[in-house]
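Enquirer: Sharing a structure with you now.
The values are calculated or read from the model by the stated rules, or taken from the named source; none is laboratory data. Not measured: the values here are computed from a predicted model. Please note: Cβ atoms are built from the backbone with ideal geometry, for glycine as well, and neighbour counts cover all protein chains shown. Each accessible area value is taken on the protein alone, full model and side chains, heavy atoms only, with ligands, DNA and RNA left out. Shrake-Rupley method; radii C 1.70, N 1.55, O 1.52, S 1.80 Å.
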Amino acid sequence: MVTILEAKDLTKKFPVQTGIFGSRSGSSVHAVDEVNFSIQKGETFGLVGESGCGKTTVAKLILKLLTPTHGTVSYYDKDIFDRSFPTNEMRKKIQLIFQDPYSSLNPRMTVYDIIGEPFDIHKLAKGEEKKKRILEMMKIVGLAPFHLYRYPHEFSGGQRQRIVIARALSVEPEILIMDEPVSALDVSVRAQVLNLLENLQKKFHLTYVFISHDLSVVRHVCNRVAVMYLGQIVEMGIVNEVFDDPLHPYAEALLCCVPIPDPRSRKSREILTGEVPTPIDPPNYCRFAKRCKYAQDKCYSGNPPLTENKPNHWVACYFPVNKISDREER
Amino acid sequence: MKSKSTRNSPDSSTRENGQNNSVLTVRGLRVYFFTEEGVVKAVEGIDLDIKKGETLGLIGESGSGKTVSALSLVQLLPIPPAKIVGGSVFFENTDLLTLSDKKMREIRGGKISMIFQDPMTSLNPLYSVADQIAENLRVHRKMLPDEATKEAIRMMNVVGIPDAERRSIEYPHQFSGGMRQRVMIASALSCLPALLIADEPTTALDVTIQAQVLELIEELKQKYDTAVLYITHNFAVVAEIADRVAVMYAGYIVEEGDVYTIFENPKHPYTIDLLSSIPRVDKKLSHLEVIRGSIPNLITPPEGCRFHPRCKKVMDKCSKVVPERVEINERHFVRCHLY
C-alpha cells in the first residue's frame, strides 16, 4: 500500500471578527483541530459528520485552497504547503467534485468548453486532439456525442453531475475529492452516479476522498471512514467495523439516528439530545463530554487523543463503547 | 403497534366519509400550471384517504407533484399560473375546493396546519417566536393576547424547546435550524389541528436533529390523535414514521398501501426499483439497482403510463393507455398494466 495523502496535526482556525470594521475579538472558530489521517492509493476514504464539523474545511486544506494554521498535508511524502512544491502539477492530480451541479457549471459555457477548459489550462491538448479527448471523456461518463455543444441548463441534475465528473477526469487525476457528490440528486439518479463512480475508480485506479453527511451512501462507497465532531476526528477505521461496532459514543449515537428503509426495524432508539455546540473557542476537554451518556470525571480533564483501540480502528475517547460488555450487562 | 383502525374495509364513496373516520378524502385531484412554455400537468388525478391518527407518507422524487398536491389541498397554490382543473378534497364533510377565501383561511392554520422544509423562510424574522405562535391562537382559538402568549410558551415546552419562557421573546435568527423547526411544529399544533401537512420537515436538518424531530412528530401525533400527511423523498424516513405510503411519480400516485406492504411486497416496477436503489446504513448492498433515464418533463409527459420509458417491464400497451388504479389487495392500490 502506498500512502498518497497524509495529514499531520492539521489545524485551521478562523479568527472571529466583530464590529463594523471587523476588529478581531481574539476568539477563533476551530474549524479543523489537530487532524491526522493517511489515505492509501486506490481506496475510498470517507469523511462524515454533521454540518459544521469541519469536513469541507479538511477538503479545502487538502486542495491547498486554504492554508492551515499549523500542521501539514503531504502528497507522496511532499509537503504541499512548502514553497518549492509544484502546486500546478498537484492540481492536475487532485480534482474536485462539488455537491451542486447547478452552481458548479458556468451557464454560459457549452459542454465542449467546460470539459475542454482543463486541457487549455494545463496545456494538454488543442484543436482536433482536444475535441477527440472531450468526446472520449463524455463517452466514459455516459453522455452522448450530440450533447457536445449544449449548455448546462439543457441537462438534468444527474447529467450535469456527469459533466462535472468528466471535467474532473479530463486531466487524468489520481485523487478525486468529492464533497457531497450525490446529495443534490434524486433517489433514482443517485444510484446511477454512485455506480458510475465505482466503475471509474476500477477503470482508472482512482483514490477517492468522499465527504458526506449521508451515512448510508458512505457505507456503500467507502473502504475506510473517519467520523468528525467539532473539528476533530473522533473515530476512524474500516467502514464495516466502524458502522457495525462503533467505539466512540458520538459515532454510536450518530449511527443510531440514521433511519433504515425497513418499517420492521423501527425501534425506540436512544436519541442524542441537544445540538452540536459552537466551534468558537471549544473547551480543552472532550468536546462531546457534555452530550455523552457515558461521560465521567476524566472526560472533563483533558482532550482524549486519537489512539488505536483495535488494529486499524482508531478512537478518541477515554471510555470507548464496548459492545460485548454492554450485551452482557443486559 | 400501529393502530388497527386503518384496516377498515375499503370505501371508495367520497361523501360518506363521516362513517369511516376519514379526516381527508381526495378524489381525482388534477392540478395544471398554465405557463408560457405550455401546460404543466403537475398532478393528474390523485386519490388519497387519511384517517384520524394515521400518518400517510407521500413519497416521490423532485417534480413528482407531491408538494403541489399538498399545497392545492389547502389552496396555497399561486392561481394563476396554477389551476385546479378537477377533483374534490373532502375535509370533515366539506369540499375545500368550493370554499371561499375567508372560510379557507379559518381552516388553514386552524384545523389543517402545515410545516415546511425551511423553517427560516416560514417564520417572520420581525416577530418574536412566541408572538408568532400566539398569533395563531388569537386568530383561530380567539384567545386574549396574555392567554395566547402563555399557551404559546406552554406549546414551546411541549415541543421540547429548553428554557422556553426566556427564549419566547427571542427572534427566529437566534434559534438553530432544529429549534426553528420545533417552533414551527409548536405553532402548527397550537390549534390542535385535525390534519397536519408536513412537507419535507427534516430534509434541511442533520440526522441527529432529524431523529429528534421525527420522534417529536410521532409523539405529538399519538397525544393529539392528529392525522399527518408526511411528504418526503426519503424512503428511510417513511419507513420510520408512516402507517400508509403513497408513491408518486410524474403526477400520479403509482402505488399505495400500508407501510409493510410497500416495503415488503411492492408491486409497481417503479417502487420495486427505487427501493433496491437506495444504500443502507445497516448493511452493505453488493449492487444498487439503477433506474435508467430521468424524470420526465411534465409539459410533454410520455403517453400512456408516464413511467414506461424507464420501466424494465414495459409492454406495448404501456405507451398507449394510462393504467387504471386497481386494488390488488385490501387497501393496496397500483397503477400498472401488469396487474
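Enquirer: Can you find a residue in region A:145-164 that is closer than 30 Å to B:Thr232 by Cα, within 14 Å of chain B (Cβ to nearest Cβ), in a loop (DSSP other than H, G, I, E, B) and modelled with pLDDT under 90?
Expert: Checking region A:145-164: at least one residue is closer than 30 Å to B:Thr232 by Cα, within 14 Å of chain B (Cβ to nearest Cβ), in a loop (DSSP other than H, G, I, E, B) and modelled with pLDDT under 90.
Enquirer: Select from region A:244-255 the residues that are within 8 Å of chain B (Cβ to nearest Cβ) and open to solvent by 20 Å² or more (accessible area, probe 1.4 Å) and list them in ascending order.
Expert: A:Leu255, the sole residue that qualifies.
Enquirer: Select from region B:271-283 the residues that are more than 7 Å from chain A (Cβ to nearest Cβ) and over 22 Å from B:Val314 (Cβ atoms) and list them in ascending order.
Expert: Across region B:271-283, the qualifying residue is only B:Lys283.
Enquirer: Right, next: Which members of region A:152-165 meet the condition of being open to solvent by 40 Å² or more (accessible area, probe 1.4 Å) and either within 25 Å of the chain's Cα centre (by Cα) or more than 17 Å from B:Ser294 (Cβ to Cβ) (or both)?
Expert: A:Gln159
Enquirer: Also, quick follow-up: Take the residues of region B:18-65 that are among the β-branched types (Val, Ile, Thr) and within 14 Å of chain A (Cβ to nearest Cβ): which is farthest from B:Glu255 (Cα to Cα)?
Expert: B:Thr55
Enquirer: Hey, can you tell me all the residues within region A:13-25 that are out of contact with any strand residue (DSSP E or B) (no Cβ under 8 Å at 6 or more places or on another chain) and either at pLDDT 70 or above or not aromatic (Phe, Trp, Tyr) (or both)?
Expert: Once the filter is applied, which keeps residues that are out of contact with any strand residue (DSSP E or B) (no Cβ under 8 Å at 6 or more places or on another chain) and either at pLDDT 70 or above or not aromatic (Phe, Trp, Tyr) (or both), region A:13-25 yields A:Gly19, A:Ile20, A:Gly22.
Enquirer: Here is a follow-up. Of (1) within 15 Å of the chain's Cα centre (by Cα); (2) touching a residue at least 60 places away in the same chain (Cβ under 8 Å), B:His332 satisfies all except one. Which?
Expert: (1)
Enquirer: For region B:284-327, which residues satisfy the criterion of being more than 10 Å from chain A (Cβ to nearest Cβ) and acidic (Asp, Glu)?
Expert: B:Glu303, B:Asp316, B:Glu324, B:Glu327, listed by residue number.
Enquirer: Next question, about the same structure. Quick check on region A:257-280. Is at least one of its residues more than 11 Å from chain B (Cβ to nearest Cβ), modelled with pLDDT under 85 and either touching an Asp or Glu at 6+ places or on another chain (Cβ under 9 Å) or not in a loop (DSSP other than H, G, I, E, B) (or both)?
Expert: Taking every residue of region A:257-280 in turn, at least one turns out to be more than 11 Å from chain B (Cβ to nearest Cβ), modelled with pLDDT under 85 and either touching an Asp or Glu at 6+ places or on another chain (Cβ under 9 Å) or not in a loop (DSSP other than H, G, I, E, B) (or both).
Enquirer: Please indicate, with yes or no, whether at least one residue in region B:253-270 is of a type in the set (A, V, I, L, M), over 30 Å from B:Ser176 (Cα atoms) and within 12 Å of chain A (Cβ to nearest Cβ).
Expert: yes
Enquirer: Exactly one condition in (1) within 30 Å of A:Asn195 (Cβ to Cβ); (2) surrounded by 17 or more Cβ atoms within 10 Å (Cβ to Cβ); (3) touching a residue at least 12 places away in the same chain (Cβ under 8 Å) is false for A:Pro261; which is it?
Expert: Every listed condition holds for A:Pro261 apart from (3).
Enquirer: Which residue is nearest to the other protein chains (Cβ to nearest Cβ), if the candidates are limited to region A:166-188 and must be of a type in the set (Val, Ile, Thr) and surrounded by fewer than 24 Cβ atoms within 10 Å (Cβ to Cβ)?
Expert: A:Val187
Enquirer: Ok, one more. Please determine whether any residue of region A:233-240 is in a helix (DSSP H, G or I) and either under 27 Å from B:Glu218 (Cβ atoms) or of a type in the set (Asp, Glu) (or both).
Expert: Looking for residues that are in a helix (DSSP H, G or I) and either under 27 Å from B:Glu218 (Cβ atoms) or of a type in the set (Asp, Glu) (or both), one finds none in region A:233-240, hence no.
Enquirer: Related question: Does region A:65-78 contain at least one residue that is open to solvent by 20 Å² or more (accessible area, probe 1.4 Å) and under 30 Å from A:Gln159 (Cβ atoms)?
Expert: So far as region A:65-78 goes, yes, one or more of its residues are open to solvent by 20 Å² or more (accessible area, probe 1.4 Å) and under 30 Å from A:Gln159 (Cβ atoms).
Enquirer: Going through region B:198-245 one residue at a time, which ones are within 22 Å of B:Thr25 (Cα to Cα), facing another protein chain (nearest Cβ under 10 Å) and open to solvent by less than 10 Å² (accessible area, probe 1.4 Å)?
Expert: Result: B:Val238, B:Ile241, B:Ala242, B:Val245.
Enquirer: Another question, then. For the condition of a type in the set (S, T, N, Q), in the same structural domain as B:Gly57 (by TED's automatic domain parsing) and free of Cβ contacts under 8 Å to residues at least 12 places away in the same chain, what is the one hit in B:Ser319, B:Ser286, B:Ser276?
Expert: B:Ser286
Residue-by-condition table, conditions (1) among the acidic types (Asp, Glu); (2) buried (at least 21 other Cβ atoms within 10 Å of the Cβ); (3) over 18 Å from A:Val187 (Cα atoms):
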| residue | (1), (2), (3) |
| --- | --- |
| B:Glu256 | yes, yes, yes |
| B:Tyr260 | no, no, yes |
| B:Pro266 | no, yes, no |
| B:Ser276 | no, no, no |
| B:Asn297 | no, no, no |
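Enquirer: Right, here's the next one. Which residues, taken from region A:220-231, are open to solvent by 10 Å² or more (accessible area, probe 1.4 Å) and out of contact with any Leu (no Cβ under 8 Å at 6 or more places or on another chain)?
Expert: Once the filter is applied, which keeps residues that are open to solvent by 10 Å² or more (accessible area, probe 1.4 Å) and out of contact with any Leu (no Cβ under 8 Å at 6 or more places or on another chain), region A:220-231 yields A:Asn223, A:Arg224.
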